[in-house]
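FYI, it's all coordinate maths here, none of it is from the lab. Quick caveat: nothing in here was measured; it's all calculated off a predicted structure. Here Cβ is always computed from backbone atoms with ideal geometry, including for glycine, and neighbour counts include all displayed protein chains.
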Amino acid sequence: MPPELDTRKESPAAGADDAAAVAGLDALDTPTVVRSPWWRRALAVWVPPIVALVLFLLVWQLVWASAITSEFKVPQPASVWSEFLKIVDDSSVLAILWTSISRAFLGFFIALVIATPLGLLVAKVKVVRAAIGPLLSGLQSLPSVAWVPAAVLWFGLTDATIYFVVLAGSIPSIANGLVAGIDQIPPILPRVGQVLGARGLTSARHILLPAALPGYLAGCKQGWAFSWRSLMAAEIIAAGPLLGFGLGAYLKQGSDFSNMPGVIAAIFLILIVGIGIELLIFRPIERRVLRARGLSLAT
């Protein structure tokens, strides 16, 4: 029918239906943030771990009171608390924590600087991936404590031994996390970047790294965990006057003097630092990244 003879008009109801359908599709793409009251968020965050801690202490106290094993192996919780108060009263706990945490952060920062470009090369250059990709995976599965004897022979009882072990434990995890994140990027994104003129470092900075951020962040979390474990192993094995007195040395001292409350206090301190870094640094960053992608909707 010629256009001049077509007198049909779209009904208002049909237009409203089309607009509602388009609005519904747009709503599907829009992240919906569900905000709960602060007290409910506080209860959800703090109550479960507090209840778990109380139950753990109760079970521990019952095991000690039942005398199933000797007190040397399972000391009373109050004895461990008393041992902890000793290093708090003489302020040595601050020096112990600073020695280990400062080493861990510096080693992790150096690992980030090395592992990030390495991961980009492995992900985007086929020859590099074929050459060192399997090696990175193998190094990631290698226990970091295996590097300590070799590092002691290479560098002696110095800080270089500690940092070498930390880097050997964290670099493969960070690099592999970035490689996994880049592998999951839709191919159209780098192509669009090339059309817009993004190549080389510009493409890596503005396209690859932002798109691979969830995988990269997961690799960083694992790299931190590996670096913290590697640091503790190095401080326990490579103890010496030139290396200071960190958490690993404090743990070894308790073992050398058969001081089980001191050993358990050192283990708890190591655990508390690991949990604190996760809750105060990595978890907020992870929530922000996921929320920006519409993957974490509760706040």
Stretched out fully, how many nm does the piece from Ala95 to Glu71 gain, at 0.36 nm a residue minus the Cα gap?
-> 5.7 nm
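Taking 0.36 nm per residue of sequence separation and subtracting the Cα-Cα distance, how much length would be gained by fully extending the chain between Leu280 and Phe257, in nm to one decimal? Each step should come with its number before you reach the end.
Values: separation 23, 0.36 × 23 = 8.28 nm, distance 3.43 nm.
So the chain would gain 4.9 nm between Leu280 and Phe257.
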Along principal axes, Cα extents of the range 78-292, largest first, whole Å | 66, 41, 22
Derived scalar couplings ³J(HN,Hα) [the range 176-181; Karplus, 6.51 cos²θ - 1.76 cosθ + 1.60; whole Hz; x for Gly, Pro] = 5, x, 5, 4, 4, x
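Taking the radius of gyration and the Kirkwood hydrodynamic radius from Cα positions alone, what is the Rg/Rh ratio for the range 33-146, to two decimal places? Please list the in-between numbers first.
Numbers: Rg = 23.3 Å, Rh = 20.0 Å.
Computed over Cα atoms, the ratio is 1.17.
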Quick one: net charge of Leu118's neighbours, Cβ under 14 Å, K/R +1, D/E -1?
-> +2
Using 1/(1 + (r/R0)^6) with R0 = 41 angstrom and r between the beta carbons of Leu157 and Trp60, what's the FRET efficiency to the nearest 0.05?
-> 0.70
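Using the count of nearby Cβ atoms within 10 Å as a rough guide to exposure, how do Ser173, Ser141 rank from fewest to most?
Listed from fewest to most nearby Cβ atoms, that is Ser141, Ser173.
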Enclosed volume per residue, in Å³, of the convex hull spanned by Cα atoms of the range 206-261 | 105
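Using 0.36 nm per residue, how much length does the chain from Leu142 to Ser82 gain when fully extended, once their Cα-Cα distance is taken away? Can you show the working numbers first?
On the way: separation 60, 0.36 × 60 = 21.60 nm, distance 3.76 nm.
Gain on stretching Leu142 to Ser82: 17.8 nm.
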Footprinting exposure proxy for Ile285, Ile237, Ile277 (fewest neighbouring C-beta atoms within 10 Å first) | Ile285, Ile237, Ile277
Fewest first, what order do Val93, Val54 take by the number of other Cβ atoms within 10 Å?
-> Val54, Val93
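For Leu121 and Leu53, what does the FRET efficiency come to when R0 = 35 Å and r is the distance between their Cβ atoms, rounded to the nearest 0.05? Spell out each step's value before the answer.
On the way: r = 45 Å, r/R0 = 1.27.
Once rounded, the FRET efficiency stands at 0.20.
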